[in-house]
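Following: one structure in C-alpha coordinates, then a few remarks.
The values are calculated or read from the model by the stated rules, or taken from the named source; none is laboratory data. Model, not experiment: these values are computed from the prediction. Note that each Cβ is placed from the backbone with ideal geometry, even for glycine, and that neighbours are counted across all protein chains shown.
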Amino acid sequence: MLAVRMQEKTTGPWNGTAGAPGPSGPSGGAGGAGMLVAEGLAKRYGGRRALDGFDLTVQPGEITGLIGHNGAGKTTFVEAVTGLIRPDAGRVSVGGVDVRRNPRAARGLLGVAPQELALYPSATVRDHLRLFAELAGLRRGAVHRAVDRVADELHLTDVLRHRAGVLSGGQRRRTQAAAALVGGAPLLLLDEPTAGADPQTRAALLAAVRARAADGAAIVYTTHYLPELADLGATLAVARSGRVIARGGQQDLIQGLPGELRIRLDGADSARRVPAALAGRTRDVDGELRITSTDPPADLATLLAAGCAPVSVDVRRPDLDDLYRALAPEVSRAA
Amino acid sequence: MLPDAGRRTAAIIRHNTILMLREPGPLAGRLILPLIFLTLLHPLYQVAQGRAAGISQAVIATLVTFSLLALSIVGGSVLTERVWHTWDRIRATAVRPAELLAGKAVPAMGALLAQQALIIGVGVAAFGLAVRALPLVVLALLAWTLALLGMGAAIGVIARSFSELTIFHDLGGMVLSSLGGALVPLAVMPAWVRHVAPASPGYWAVSALRAALGSDGPATLRASAVLAGFAVAFGLLAAVRGGRGTVRSARM
(Lines give C-alpha, C1' and ligand atoms only; values in the text may rest on other atoms or scores of the structure.)
Protein backbone atom coordinates (compact mmCIF):
# COMPACT_ATOMS: atom_id res chain seq x y z
CA MET A 1 0.00 0.00 0.00
CA LEU A 2 1.29 3.39 -0.89
CA ALA A 3 1.78 5.50 2.18
CA VAL A 4 2.52 9.19 1.93
CA ARG A 5 3.61 11.00 5.06
CA MET A 6 4.68 14.61 5.31
CA GLN A 7 7.37 15.41 7.88
CA GLU A 8 7.08 18.89 9.19
CA LYS A 9 9.86 20.38 11.20
CA THR A 10 9.02 23.96 10.49
CA THR A 11 5.99 26.03 11.16
CA GLY A 12 3.73 26.99 8.30
CA PRO A 13 3.36 25.42 4.84
CA TRP A 14 6.35 24.70 2.67
CA ASN A 15 5.36 27.16 0.04
CA GLY A 16 2.96 29.11 2.18
CA THR A 17 3.01 32.75 3.04
CA ALA A 18 2.59 32.46 6.79
CA GLY A 19 5.33 33.61 9.08
CA ALA A 20 7.41 36.67 9.42
CA PRO A 21 7.79 39.49 6.93
CA GLY A 22 9.94 38.72 3.91
CA PRO A 23 12.70 40.68 2.29
CA SER A 24 10.25 43.13 0.87
CA GLY A 25 8.63 43.64 4.25
CA PRO A 26 9.45 46.30 6.77
CA SER A 27 12.76 44.78 7.76
CA GLY A 28 13.89 43.73 4.37
CA GLY A 29 16.33 46.43 3.47
CA ALA A 30 18.89 48.49 5.26
CA GLY A 31 18.37 52.17 5.44
CA GLY A 32 14.77 52.21 6.64
CA ALA A 33 13.69 53.96 9.81
CA GLY A 34 14.15 50.86 11.96
CA MET A 35 14.80 50.69 15.66
CA LEU A 36 18.19 49.29 14.66
CA VAL A 37 19.81 50.34 11.41
CA ALA A 38 23.30 49.13 10.55
CA GLU A 39 24.79 50.06 7.21
CA GLY A 40 28.06 48.93 5.75
CA LEU A 41 29.73 48.08 9.05
CA ALA A 42 33.34 47.04 8.67
CA LYS A 43 35.80 45.97 11.32
CA ARG A 44 39.20 44.45 10.80
CA TYR A 45 41.38 42.73 13.40
CA GLY A 46 44.83 42.53 11.91
CA GLY A 47 44.40 40.69 8.63
CA ARG A 48 40.98 39.28 9.52
CA ARG A 49 37.77 41.01 8.51
CA ALA A 50 35.33 40.48 11.36
CA LEU A 51 32.74 42.72 9.71
CA ASP A 52 32.76 43.37 5.99
CA GLY A 53 29.83 45.48 4.90
CA PHE A 54 27.34 44.29 7.52
CA ASP A 55 23.81 45.63 6.90
CA LEU A 56 20.85 44.98 9.12
CA THR A 57 17.62 46.79 9.89
CA VAL A 58 15.23 45.67 12.61
CA GLN A 59 11.82 47.20 13.15
CA PRO A 60 9.99 47.73 16.47
CA GLY A 61 8.17 44.57 17.46
CA GLU A 62 10.31 42.41 15.17
CA ILE A 63 12.40 39.50 16.36
CA THR A 64 15.36 38.94 14.07
CA GLY A 65 17.27 35.70 14.35
CA LEU A 66 20.88 36.39 13.49
CA ILE A 67 22.45 33.12 12.52
CA GLY A 68 25.74 32.02 11.06
CA HIS A 69 28.74 29.89 11.76
CA ASN A 70 31.22 30.80 14.47
CA GLY A 71 33.30 33.70 13.20
CA ALA A 72 30.56 34.93 10.88
CA GLY A 73 30.56 38.30 12.64
CA LYS A 74 27.50 37.99 14.87
CA THR A 75 29.15 38.85 18.18
CA THR A 76 31.33 41.54 16.61
CA PHE A 77 28.16 43.09 15.24
CA VAL A 78 26.58 43.06 18.70
CA GLU A 79 29.73 44.68 20.11
CA ALA A 80 29.56 47.37 17.42
CA VAL A 81 25.95 48.16 18.26
CA THR A 82 26.75 48.42 21.96
CA GLY A 83 29.73 50.65 21.21
CA LEU A 84 32.18 48.24 22.81
CA ILE A 85 34.13 48.29 19.58
CA ARG A 86 34.41 51.08 17.07
CA PRO A 87 33.79 50.00 13.48
CA ASP A 88 36.36 50.99 10.88
CA ALA A 89 33.56 52.02 8.52
CA GLY A 90 29.80 52.18 8.25
CA ARG A 91 27.22 53.47 10.63
CA VAL A 92 24.80 52.08 13.13
CA SER A 93 21.91 53.83 14.79
CA VAL A 94 19.55 52.82 17.56
CA GLY A 95 16.17 54.51 17.63
CA GLY A 96 17.55 57.09 15.25
CA VAL A 97 20.51 57.84 17.54
CA ASP A 98 23.90 57.43 15.89
CA VAL A 99 25.99 55.09 18.05
CA ARG A 100 29.29 56.72 17.14
CA ARG A 101 28.15 60.30 17.63
CA ASN A 102 26.08 59.75 20.75
CA PRO A 103 27.06 56.39 22.18
CA ARG A 104 25.62 56.92 25.65
CA ALA A 105 22.19 57.92 24.37
CA ALA A 106 22.20 54.93 22.05
CA ARG A 107 23.24 52.56 24.83
CA GLY A 108 20.43 53.93 26.93
CA LEU A 109 18.03 52.30 24.43
CA LEU A 110 19.70 48.89 24.66
CA GLY A 111 19.20 45.79 26.74
CA VAL A 112 22.11 43.43 26.23
CA ALA A 113 22.65 39.80 27.12
CA PRO A 114 26.20 39.02 26.03
CA GLN A 115 27.26 35.59 24.87
CA GLU A 116 29.46 35.03 27.90
CA LEU A 117 27.95 35.05 31.34
CA ALA A 118 28.58 38.42 32.97
CA LEU A 119 27.44 38.09 36.56
CA TYR A 120 28.84 39.07 39.96
CA PRO A 121 29.25 35.81 41.92
CA SER A 122 28.75 37.48 45.30
CA ALA A 123 25.75 39.59 44.27
CA THR A 124 22.24 38.22 44.51
CA VAL A 125 19.86 37.92 41.61
CA ARG A 126 17.93 40.89 43.02
CA ASP A 127 21.17 42.92 43.24
CA HIS A 128 21.78 42.31 39.55
CA LEU A 129 18.29 43.17 38.42
CA ARG A 130 18.13 46.25 40.62
CA LEU A 131 21.47 47.50 39.32
CA PHE A 132 20.56 47.16 35.65
CA ALA A 133 17.08 48.58 36.21
CA GLU A 134 18.61 51.65 37.84
CA LEU A 135 21.27 52.00 35.15
CA ALA A 136 18.42 51.93 32.62
CA GLY A 137 16.99 54.98 34.35
CA LEU A 138 14.09 53.44 36.25
CA ARG A 139 13.08 55.12 39.50
CA ARG A 140 12.50 53.39 42.82
CA GLY A 141 8.91 52.15 42.44
CA ALA A 142 9.40 51.24 38.80
CA VAL A 143 12.57 49.35 39.71
CA HIS A 144 10.71 47.08 42.12
CA ARG A 145 7.89 46.47 39.65
CA ALA A 146 10.28 45.70 36.81
CA VAL A 147 12.35 43.35 38.97
CA ASP A 148 9.28 41.47 40.14
CA ARG A 149 7.87 41.21 36.60
CA VAL A 150 11.00 39.88 34.97
CA ALA A 151 11.72 37.54 37.89
CA ASP A 152 8.25 36.11 37.50
CA GLU A 153 8.59 35.77 33.73
CA LEU A 154 11.89 33.95 33.96
CA HIS A 155 11.03 31.85 37.01
CA LEU A 156 13.58 33.58 39.22
CA THR A 157 11.31 34.72 42.02
CA ASP A 158 12.39 31.92 44.34
CA VAL A 159 16.08 32.69 43.89
CA LEU A 160 16.02 36.48 44.03
CA ARG A 161 17.94 36.36 47.31
CA HIS A 162 20.46 33.81 46.09
CA ARG A 163 23.95 34.82 45.08
CA ALA A 164 24.80 34.30 41.43
CA GLY A 165 27.75 32.15 42.45
CA VAL A 166 25.48 29.45 43.85
CA LEU A 167 22.93 29.40 41.02
CA SER A 168 22.59 26.54 38.57
CA GLY A 169 23.68 27.08 35.00
CA GLY A 170 20.13 27.61 33.83
CA GLN A 171 19.39 30.08 36.61
CA ARG A 172 22.50 32.05 35.68
CA ARG A 173 21.40 32.17 32.05
CA ARG A 174 17.98 33.41 33.12
CA THR A 175 19.52 36.00 35.43
CA GLN A 176 21.69 37.26 32.60
CA ALA A 177 18.70 37.52 30.29
CA ALA A 178 16.61 39.13 33.03
CA ALA A 179 19.26 41.81 33.46
CA ALA A 180 18.88 42.62 29.76
CA LEU A 181 15.08 42.71 29.92
CA VAL A 182 14.55 44.48 33.24
CA GLY A 183 15.12 48.01 31.97
CA GLY A 184 12.37 47.79 29.34
CA ALA A 185 14.75 48.77 26.54
CA PRO A 186 13.25 49.26 23.06
CA LEU A 187 16.10 47.27 21.47
CA LEU A 188 17.27 43.96 22.91
CA LEU A 189 20.49 42.30 21.81
CA LEU A 190 20.45 38.72 22.99
CA ASP A 191 23.64 36.94 22.01
CA GLU A 192 23.10 33.20 22.31
CA PRO A 193 21.00 33.68 25.44
CA THR A 194 20.11 30.00 25.74
CA ALA A 195 23.57 28.54 25.15
CA GLY A 196 23.84 25.48 27.37
CA ALA A 197 20.42 26.15 28.87
CA ASP A 198 17.96 23.48 29.97
CA PRO A 199 14.52 23.20 28.32
CA GLN A 200 12.82 25.03 31.18
CA THR A 201 15.20 27.97 30.85
CA ARG A 202 14.74 27.99 27.09
CA ALA A 203 10.96 27.94 27.27
CA ALA A 204 10.83 30.73 29.87
CA LEU A 205 13.22 32.88 27.93
CA LEU A 206 11.44 32.43 24.63
CA ALA A 207 8.14 33.37 26.25
CA ALA A 208 9.70 36.49 27.73
CA VAL A 209 11.21 37.45 24.37
CA ARG A 210 7.88 37.03 22.63
CA ALA A 211 6.24 39.19 25.30
CA ARG A 212 8.79 41.95 24.81
CA ALA A 213 8.31 41.87 21.06
CA ALA A 214 4.55 42.06 21.59
CA ASP A 215 5.24 45.14 23.72
CA GLY A 216 7.00 46.67 20.72
CA ALA A 217 10.66 45.96 21.41
CA ALA A 218 12.95 45.20 18.51
CA ILE A 219 15.01 42.12 19.22
CA VAL A 220 18.18 40.73 17.70
CA TYR A 221 18.55 37.14 18.76
CA THR A 222 21.67 35.20 17.85
CA THR A 223 21.58 31.47 18.30
CA HIS A 224 22.69 28.11 16.98
CA TYR A 225 19.43 26.51 18.17
CA LEU A 226 17.36 27.02 15.09
CA PRO A 227 14.08 25.61 16.37
CA GLU A 228 14.01 28.55 18.78
CA LEU A 229 13.74 30.92 15.85
CA ALA A 230 10.83 28.94 14.45
CA ASP A 231 9.18 29.11 17.88
CA LEU A 232 9.72 32.85 18.01
CA GLY A 233 8.43 33.44 14.49
CA ALA A 234 11.59 35.39 13.90
CA THR A 235 12.73 36.89 10.65
CA LEU A 236 16.20 35.71 9.71
CA ALA A 237 19.47 37.36 8.96
CA VAL A 238 22.14 34.92 7.84
CA ALA A 239 25.66 36.14 8.46
CA ARG A 240 28.73 34.85 6.73
CA SER A 241 32.24 36.29 6.55
CA GLY A 242 31.24 39.50 8.26
CA ARG A 243 28.15 40.36 6.26
CA VAL A 244 24.49 39.48 6.02
CA ILE A 245 24.11 37.25 2.99
CA ALA A 246 20.41 36.45 3.35
CA ARG A 247 17.61 38.36 5.01
CA GLY A 248 13.91 37.77 5.24
CA GLY A 249 11.15 35.61 6.63
CA GLN A 250 11.86 32.01 7.40
CA GLN A 251 9.61 30.63 4.69
CA ASP A 252 11.02 32.99 2.09
CA LEU A 253 14.54 31.83 2.76
CA ILE A 254 13.70 28.16 3.04
CA GLN A 255 11.56 28.23 -0.06
CA GLY A 256 14.49 28.12 -2.42
CA LEU A 257 16.14 25.21 -0.67
CA PRO A 258 15.67 21.57 -1.63
CA GLY A 259 13.94 19.11 0.63
CA GLU A 260 14.08 15.37 0.30
CA LEU A 261 11.87 12.74 -1.30
CA ARG A 262 12.33 9.46 0.57
CA ILE A 263 10.97 6.32 -1.04
CA ARG A 264 11.13 2.59 -0.63
CA LEU A 265 10.53 0.61 -3.78
CA ASP A 266 8.87 -2.72 -4.31
CA GLY A 267 11.38 -5.29 -5.52
CA ALA A 268 15.13 -5.50 -5.25
CA ASP A 269 15.84 -4.38 -8.79
CA SER A 270 13.32 -1.58 -8.75
CA ALA A 271 16.02 0.90 -7.79
CA ARG A 272 17.69 0.33 -11.13
CA ARG A 273 14.69 1.90 -12.81
CA VAL A 274 15.34 5.31 -11.24
CA PRO A 275 15.63 7.56 -14.28
CA ALA A 276 18.93 9.20 -15.08
CA ALA A 277 17.42 12.63 -14.47
CA LEU A 278 17.08 11.76 -10.79
CA ALA A 279 20.06 9.49 -10.32
CA GLY A 280 22.49 12.34 -9.66
CA ARG A 281 20.33 13.56 -6.77
CA THR A 282 19.64 10.12 -5.33
CA ARG A 283 21.45 8.25 -2.54
CA ASP A 284 20.64 4.91 -0.99
CA VAL A 285 20.40 4.87 2.80
CA ASP A 286 19.69 1.38 4.13
CA GLY A 287 17.49 0.55 1.17
CA GLU A 288 15.65 3.87 1.27
CA LEU A 289 16.22 6.12 -1.73
CA ARG A 290 16.66 9.76 -0.76
CA ILE A 291 16.24 12.19 -3.60
CA THR A 292 17.19 15.81 -3.06
CA SER A 293 14.27 17.69 -4.48
CA THR A 294 12.82 21.14 -4.85
CA ASP A 295 9.67 19.69 -6.43
CA PRO A 296 8.82 16.33 -4.81
CA PRO A 297 5.48 15.82 -6.63
CA ALA A 298 7.15 16.18 -10.03
CA ASP A 299 10.01 13.88 -9.06
CA LEU A 300 7.55 11.30 -7.74
CA ALA A 301 5.62 11.47 -11.02
CA THR A 302 8.86 10.91 -12.89
CA LEU A 303 9.57 7.82 -10.80
CA LEU A 304 6.10 6.40 -11.35
CA ALA A 305 6.32 7.06 -15.07
CA ALA A 306 9.60 5.12 -15.15
CA GLY A 307 7.85 2.11 -13.68
CA CYS A 308 9.09 2.34 -10.15
CA ALA A 309 6.70 0.90 -7.56
CA PRO A 310 7.01 2.69 -4.24
CA VAL A 311 5.77 1.00 -1.10
CA SER A 312 6.25 4.14 0.96
CA VAL A 313 6.96 7.77 0.23
CA ASP A 314 8.06 10.41 2.70
CA VAL A 315 8.57 14.05 1.86
CA ARG A 316 10.87 15.92 4.16
CA ARG A 317 10.41 19.61 3.80
CA PRO A 318 13.40 21.95 3.94
CA ASP A 319 13.78 23.55 7.33
CA LEU A 320 16.09 25.89 9.18
CA ASP A 321 18.60 23.11 9.63
CA ASP A 322 18.86 22.84 5.87
CA LEU A 323 19.27 26.57 5.63
CA TYR A 324 21.94 26.50 8.28
CA ARG A 325 23.81 23.64 6.62
CA ALA A 326 23.60 25.45 3.34
CA LEU A 327 24.87 28.69 4.78
CA ALA A 328 27.87 28.88 2.56
CA PRO A 329 27.54 28.67 -1.20
CA GLU A 330 23.92 27.58 -1.38
CA VAL A 331 22.58 30.39 0.73
CA SER A 332 24.81 32.84 -1.05
CA ARG A 333 23.06 31.87 -4.28
CA ALA A 334 19.65 32.11 -2.63
CA ALA A 335 20.50 35.55 -1.39
CA MET B 1 16.48 64.85 42.90
CA LEU B 2 19.74 63.50 41.50
CA PRO B 3 20.40 63.91 37.78
CA ASP B 4 20.72 60.75 35.71
CA ALA B 5 24.51 60.64 36.02
CA GLY B 6 24.25 61.01 39.79
CA ARG B 7 21.70 58.21 40.06
CA ARG B 8 23.75 55.90 37.91
CA THR B 9 26.89 56.63 39.92
CA ALA B 10 25.01 56.12 43.17
CA ALA B 11 23.71 52.77 41.91
CA ILE B 12 27.23 51.62 41.07
CA ILE B 13 28.59 52.87 44.41
CA ARG B 14 25.92 50.93 46.27
CA HIS B 15 26.51 47.84 44.19
CA ASN B 16 30.27 47.91 44.72
CA THR B 17 29.86 48.50 48.44
CA ILE B 18 27.67 45.41 48.56
CA LEU B 19 30.29 43.42 46.67
CA MET B 20 33.06 44.57 49.02
CA LEU B 21 31.12 43.79 52.17
CA ARG B 22 29.98 40.40 50.90
CA GLU B 23 33.64 39.35 50.58
CA PRO B 24 35.20 41.09 53.61
CA GLY B 25 38.33 38.94 53.89
CA PRO B 26 40.75 41.11 51.87
CA LEU B 27 39.47 44.27 53.54
CA ALA B 28 39.77 42.81 57.03
CA GLY B 29 43.31 41.67 56.28
CA ARG B 30 44.32 45.12 55.08
CA LEU B 31 42.89 46.65 58.27
CA ILE B 32 44.40 44.23 60.79
CA LEU B 33 47.87 43.57 59.34
CA PRO B 34 49.14 47.15 59.61
CA LEU B 35 48.13 47.32 63.26
CA ILE B 36 50.21 44.22 63.99
CA PHE B 37 53.11 45.69 62.04
CA LEU B 38 52.88 48.99 63.92
CA THR B 39 52.63 47.31 67.29
CA LEU B 40 55.64 45.10 66.71
CA LEU B 41 57.97 47.56 65.00
CA HIS B 42 57.36 50.91 66.65
CA PRO B 43 59.90 50.19 69.43
CA LEU B 44 62.58 49.70 66.77
CA TYR B 45 61.85 53.08 65.22
CA GLN B 46 61.80 54.74 68.64
CA VAL B 47 65.19 53.30 69.52
CA ALA B 48 66.58 54.57 66.24
CA GLN B 49 65.00 58.02 66.15
CA GLY B 50 63.79 58.85 69.64
CA ARG B 51 60.33 58.61 71.08
CA ALA B 52 58.37 61.30 69.18
CA ALA B 53 60.15 61.02 65.83
CA GLY B 54 60.20 57.25 66.13
CA ILE B 55 56.48 56.81 66.57
CA SER B 56 55.85 59.35 63.82
CA GLN B 57 58.12 57.41 61.44
CA ALA B 58 56.55 54.10 62.51
CA VAL B 59 53.04 55.39 61.78
CA ILE B 60 54.04 56.89 58.44
CA ALA B 61 55.94 53.74 57.45
CA THR B 62 52.97 51.55 58.32
CA LEU B 63 50.43 53.81 56.67
CA VAL B 64 52.25 54.33 53.38
CA THR B 65 53.46 50.74 53.04
CA PHE B 66 50.16 49.10 53.81
CA SER B 67 48.07 51.56 51.89
CA LEU B 68 50.23 50.81 48.85
CA LEU B 69 49.62 47.14 49.45
CA ALA B 70 45.93 47.97 49.69
CA LEU B 71 46.10 48.88 46.02
CA SER B 72 44.98 45.30 45.65
CA ILE B 73 41.54 46.33 46.87
CA VAL B 74 41.16 48.95 44.16
CA GLY B 75 42.96 47.08 41.39
CA GLY B 76 41.28 43.83 42.30
CA SER B 77 37.82 45.34 42.16
CA VAL B 78 38.49 46.55 38.61
CA LEU B 79 40.24 43.40 37.41
CA THR B 80 37.57 41.08 38.76
CA GLU B 81 34.98 42.99 36.76
CA ARG B 82 37.00 42.31 33.64
CA VAL B 83 37.46 38.64 34.49
CA TRP B 84 33.74 38.27 35.21
CA HIS B 85 32.96 40.11 31.93
CA THR B 86 30.81 42.54 33.90
CA TRP B 87 33.05 45.47 32.94
CA ASP B 88 31.92 45.33 29.32
CA ARG B 89 28.40 44.53 30.43
CA ILE B 90 28.25 47.76 32.43
CA ARG B 91 29.95 49.65 29.61
CA ALA B 92 27.13 48.55 27.33
CA THR B 93 24.77 50.72 29.38
CA ALA B 94 24.47 54.49 29.40
CA VAL B 95 27.16 54.72 32.10
CA ARG B 96 30.14 56.96 31.35
CA PRO B 97 33.63 55.55 32.06
CA ALA B 98 34.08 58.26 34.69
CA GLU B 99 30.84 57.24 36.42
CA LEU B 100 31.93 53.62 36.40
CA LEU B 101 35.32 54.47 37.86
CA ALA B 102 33.77 56.79 40.44
CA GLY B 103 31.32 54.08 41.40
CA LYS B 104 34.19 51.74 42.05
CA ALA B 105 36.42 54.36 43.64
CA VAL B 106 34.10 55.59 46.36
CA PRO B 107 33.76 52.29 48.28
CA ALA B 108 37.48 51.67 47.83
CA MET B 109 38.18 55.18 49.07
CA GLY B 110 36.13 54.42 52.15
CA ALA B 111 38.19 51.30 52.75
CA LEU B 112 41.49 53.11 52.28
CA LEU B 113 40.47 55.99 54.54
CA ALA B 114 39.26 53.53 57.16
CA GLN B 115 42.63 51.80 57.07
CA GLN B 116 44.52 55.07 57.41
CA ALA B 117 42.23 56.41 60.11
CA LEU B 118 42.69 53.20 62.06
CA ILE B 119 46.47 53.41 61.86
CA ILE B 120 46.53 57.07 62.87
CA GLY B 121 43.95 56.45 65.60
CA VAL B 122 45.88 53.54 67.09
CA GLY B 123 49.07 55.60 66.80
CA VAL B 124 47.50 58.39 68.81
CA ALA B 125 45.58 56.28 71.31
CA ALA B 126 48.08 53.52 71.98
CA PHE B 127 51.51 54.92 71.20
CA GLY B 128 51.25 58.64 71.86
CA LEU B 129 51.45 59.96 68.30
CA ALA B 130 51.02 63.73 68.41
CA VAL B 131 48.57 65.23 65.90
CA ARG B 132 48.59 68.99 66.34
CA ALA B 133 47.09 70.04 63.00
CA LEU B 134 44.31 67.60 62.20
CA PRO B 135 43.11 69.44 59.05
CA LEU B 136 46.58 69.13 57.53
CA VAL B 137 46.66 65.42 58.32
CA VAL B 138 43.23 64.98 56.77
CA LEU B 139 44.35 66.89 53.69
CA ALA B 140 47.45 64.72 53.33
CA LEU B 141 45.43 61.54 53.79
CA LEU B 142 42.84 62.60 51.23
CA ALA B 143 45.49 63.52 48.67
CA TRP B 144 47.30 60.23 49.23
CA THR B 145 44.06 58.27 49.01
CA LEU B 146 43.18 59.90 45.69
CA ALA B 147 46.62 59.02 44.34
CA LEU B 148 46.12 55.44 45.52
CA LEU B 149 42.74 55.27 43.82
CA GLY B 150 44.22 56.51 40.56
CA MET B 151 47.08 54.04 40.75
CA GLY B 152 44.77 51.20 41.73
CA ALA B 153 42.35 51.89 38.90
CA ALA B 154 45.23 52.13 36.43
CA ILE B 155 46.73 48.79 37.39
CA GLY B 156 43.24 47.30 37.46
CA VAL B 157 42.70 48.13 33.80
CA ILE B 158 46.27 47.34 32.75
CA ALA B 159 46.80 44.02 34.54
CA ARG B 160 45.79 41.06 32.39
CA SER B 161 45.61 38.53 35.19
CA PHE B 162 45.58 38.25 38.95
CA SER B 163 49.23 37.20 38.80
CA GLU B 164 50.12 40.47 37.14
CA LEU B 165 47.98 42.36 39.61
CA THR B 166 49.81 40.70 42.50
CA ILE B 167 53.15 41.75 41.02
CA PHE B 168 51.88 45.30 40.61
CA HIS B 169 50.59 45.77 44.13
CA ASP B 170 52.99 43.61 46.12
CA LEU B 171 56.29 44.21 44.37
CA GLY B 172 55.37 47.64 43.04
CA GLY B 173 53.91 48.72 46.34
CA MET B 174 56.97 47.66 48.27
CA VAL B 175 59.31 49.34 45.79
CA LEU B 176 57.37 52.61 45.82
CA SER B 177 57.15 52.49 49.57
CA SER B 178 60.87 51.85 50.02
CA LEU B 179 61.90 54.40 47.40
CA GLY B 180 59.71 56.94 49.12
CA GLY B 181 61.55 56.55 52.40
CA ALA B 182 58.59 55.10 54.25
CA LEU B 183 60.23 52.06 55.78
CA VAL B 184 63.74 53.50 56.12
CA PRO B 185 64.38 57.27 56.18
CA LEU B 186 65.93 58.52 52.96
CA ALA B 187 68.73 60.13 54.95
CA VAL B 188 70.25 56.73 55.61
CA MET B 189 69.58 55.32 52.14
CA PRO B 190 72.13 55.28 49.26
CA ALA B 191 72.51 58.52 47.30
CA TRP B 192 70.93 57.08 44.13
CA VAL B 193 67.78 56.28 46.05
CA ARG B 194 67.53 59.88 47.21
CA HIS B 195 67.84 61.00 43.58
CA VAL B 196 65.04 58.79 42.25
CA ALA B 197 62.79 59.06 45.30
CA PRO B 198 60.71 62.03 44.05
CA ALA B 199 59.52 59.87 41.16
CA SER B 200 57.73 57.68 43.65
CA PRO B 201 54.27 58.69 44.85
CA GLY B 202 55.29 57.10 48.14
CA TYR B 203 57.92 59.81 48.59
CA TRP B 204 55.28 62.52 48.35
CA ALA B 205 52.98 60.64 50.68
CA VAL B 206 55.73 60.44 53.29
CA SER B 207 56.54 64.11 52.73
CA ALA B 208 52.91 65.17 53.06
CA LEU B 209 52.29 63.14 56.19
CA ARG B 210 55.55 64.14 57.84
CA ALA B 211 54.82 67.80 57.10
CA ALA B 212 51.24 67.46 58.33
CA LEU B 213 52.31 65.80 61.58
CA GLY B 214 54.91 68.59 61.96
CA SER B 215 52.19 71.26 61.38
CA ASP B 216 54.03 72.52 58.28
CA GLY B 217 51.16 73.86 56.17
CA PRO B 218 53.04 74.95 53.01
CA ALA B 219 55.02 71.71 52.80
CA THR B 220 51.84 69.70 53.31
CA LEU B 221 50.07 71.62 50.56
CA ARG B 222 52.98 71.25 48.17
CA ALA B 223 53.28 67.50 48.67
CA SER B 224 49.51 67.07 48.56
CA ALA B 225 49.36 68.96 45.27
CA VAL B 226 51.92 66.60 43.77
CA LEU B 227 49.87 63.63 45.02
CA ALA B 228 46.79 65.14 43.43
CA GLY B 229 48.76 65.37 40.20
CA PHE B 230 49.58 61.68 40.41
CA ALA B 231 45.89 60.98 41.07
CA VAL B 232 44.80 62.89 37.97
CA ALA B 233 47.46 61.32 35.75
CA PHE B 234 46.74 57.75 36.81
CA GLY B 235 43.00 58.39 36.83
CA LEU B 236 43.09 59.66 33.26
CA LEU B 237 45.10 56.63 32.22
CA ALA B 238 42.52 54.36 33.83
CA ALA B 239 39.58 56.22 32.28
CA VAL B 240 41.08 56.19 28.78
CA ARG B 241 42.24 52.60 28.96
CA GLY B 242 39.09 51.39 30.71
CA GLY B 243 36.77 53.27 28.40
CA ARG B 244 38.40 51.98 25.25
CA GLY B 245 36.80 49.03 23.54
CA THR B 246 38.27 45.72 24.55
CA VAL B 247 38.51 42.97 22.03
CA ARG B 248 36.71 39.92 23.31
CA SER B 249 37.30 40.17 27.01
CA ALA B 250 37.09 36.36 27.03
CA ARG B 251 40.79 36.45 26.37
CA MET B 252 41.27 37.08 30.04
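Filter the helices (runs of 4 or more DSSP H) completely within the stretch B:184-252 down to those with at least 1 residues that are modelled with pLDDT of 95 or more.
Helices (runs of 4 or more DSSP H) meeting the threshold: B:201-213, B:217-243.
Of the residues A:288, A:228, only one is touching a strand residue (DSSP E or B) at 6+ places or on another chain (Cβ under 6 Å) and of a type in the set (Asp, Glu); which?
Exactly one residue qualifies, and that residue is A:288.
Looking for something assigned to a helix (DSSP H, G or I), closer than 28 Å to residue B:224 by Cβ and at the interface with chain A (Cβ under 10 Å from one of its Cβ atoms) - is there at least one such residue anywhere in the stretch B:63-80?
no
Among B:139, B:113, which is the only one that is of a type outside the set (Asp, Glu), within 10 Å of the chain's Cα centre (by Cα), within 19 Å of residue B:224 (Cα to Cα) and in a helix (DSSP H, G or I)?
Just a single option satisfies the conditions, and that option is B:113.
Test of understanding: among A:182, A:166, which residue is under 24 Å from residue B:7 (Cα atoms) and either in contact with a Gly (Cβ under 8 Å, 6 or more places away or on another chain) or more than 8 Å from every other protein chain (Cβ to nearest Cβ) (or both)?
Working: A:166 fails: under 24 Å from residue B:7 (Cα atoms).
Testing whether each residue is under 24 Å from residue B:7 (Cα atoms) and either in contact with a Gly (Cβ under 8 Å, 6 or more places away or on another chain) or more than 8 Å from every other protein chain (Cβ to nearest Cβ) (or both) leaves just A:182.
When residue B:170 is evaluated against the numbered criteria (1) surrounded by fewer than 18 Cβ atoms within 10 Å (Cβ to Cβ); (2) of a type outside the set (S, T, N, Q); (3) more than 13 Å from the chain's Cα centre (by Cα), which criterion, by number, is the only one it fails?
Only one criterion is unmet by residue B:170, namely (3).
Among the residues in the stretch A:220-232, are any within 14 Å of another protein chain (Cβ to nearest Cβ) and hydrophobic (A, V, I, L, M, F, W, C)?
yes
Name the residues in the stretch A:42-55 that are buried (at least 24 other Cβ atoms within 10 Å of the Cβ) and aliphatic (A, V, I, L, M), would you?
Within the stretch A:42-55, A:50, A:51 meet the criteria.
Please state which one of B:21, B:41, B:27 is surrounded by 13 or more Cβ atoms within 10 Å (Cβ to Cβ) and either more than 14 Å from chain A (Cβ to nearest Cβ) or without any contact (Cβ under 8 Å) to a residue 12 or more places away in the chain (or both).
Sole residue among the options that is surrounded by 13 or more Cβ atoms within 10 Å (Cβ to Cβ) and either more than 14 Å from chain A (Cβ to nearest Cβ) or without any contact (Cβ under 8 Å) to a residue 12 or more places away in the chain (or both): B:41.
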